[in-house]
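Structure, as structure tokens:
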Amino acid sequence: MKKRLNIYIVRHGEKIDGENMPLTKRGRKQAELLAKRLRKLKISKMYSSDLERCKETAEIIKKHIKIPIKYDIALREVPNKVKKYPKRYKKEVNIIRKFWSKINKEKGNLLLVSSGIVNRILLSFALKIDTSKANFMQYPTGLTRIEKRKEKRYRIWHINDTSHLSDKMKIIQM
């Protein structure tokens, strides 16, 4: 049987307010719970944004799934205006699109650790919708699974799945 590509997209755990801040205590616990869930998925590669909150989330996951992390600036968070007005910010969207094209040539189970807006843009590529229409809510450590079926055809299994978190852990800051 031909090996398929599954792309698992994760938003970082809850963070301290501010730019490029680390995770809160709850955010580290959320990442720990997600990591335990991910052990079962046989992740073959992990890519992460190089922002502090994403790196910290990826490092916690790495302790459980024991694969190297490839940091990629294409996964670095972009301002909300990039998602709202993609035609004005072609450079930023094209950086993310180039990364999407690159990973779509791979096989196996890939894990991407990034931030909400980048994740929405990635999901818009899979759904073939304008990035300005990608208004999906994503909770800290929300897990999205996209399966590449055939050339440029995707199946979305779930978006923002937080079943690894208790109700107490789902209380969030946005």
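The values are calculated or read from the model by the stated rules, or taken from the named source; none is laboratory data. Please read all numbers here as calculations on a predicted model, not as lab measurements. Cβ coordinates were reconstructed from backbone atoms using ideal geometry, including for glycine residues, and neighbour counts include every protein chain displayed. Each accessible area value is taken on the protein alone, full model and side chains, heavy atoms only, with ligands, DNA and RNA left out. Shrake-Rupley method; radii C 1.70, N 1.55, O 1.52, S 1.80 Å.
General observations
- The trypsin sites (Lys or Arg not before Pro) found in the stretch 65-174 that occupy coil by DSSP, while having at most 16 further C-beta atoms within 10 Å, are K66, K87, R88, K105, K107, K128, K152.
- Accessible surface, per residue, of the stretch 11-92 when the full set of protein chains is kept, probe 1.4 Å, Å²: 57
- Restricting the calculation to Cα atoms, every distinct pair contributes to the Kirkwood radius of the stretch 96-172, found to be 13.4 Å.
- In this structure, the pairs whose alpha-carbon distance is over 27 Å, taken from K3/K84; K81/K128; K91/K128, are K3/K84.
- With a threshold of 19 Å on the Cα-Cα distance, the over-threshold entries among K42/K152; K36/K170; K25/K55 are K42/K152.
- Using R0 = 22 Å, the C-beta based FRET efficiency linking R4 and I67 works out to 0.75.
- The stretch 109-174 - percent of accessible surface contributed by carbon and sulfur, probe 1.4 Å: 51
- Where trypsin sites (Lys or Arg not before Pro) fall in DSSP loop in the stretch 1-52, at most 16 other Cβ within 10 Å: K2, K3, R4, K42
- Mean separation of Cα contacts under 8 Å (6+ apart) over length of the chain, as relative contact order %: 31
- Stokes-Einstein diffusion coefficient of the stretch 1-65, Kirkwood radius over Cα pairs, 20 °C, 1.002 mPa s, in µm²/s: 172
- Taking GluC sites (Glu not before Pro) as exposed when DSSP calls them loop and at most 12 other C-beta atoms lie within 10 angstrom, the chain has its longest site-free stretch at 20-150.
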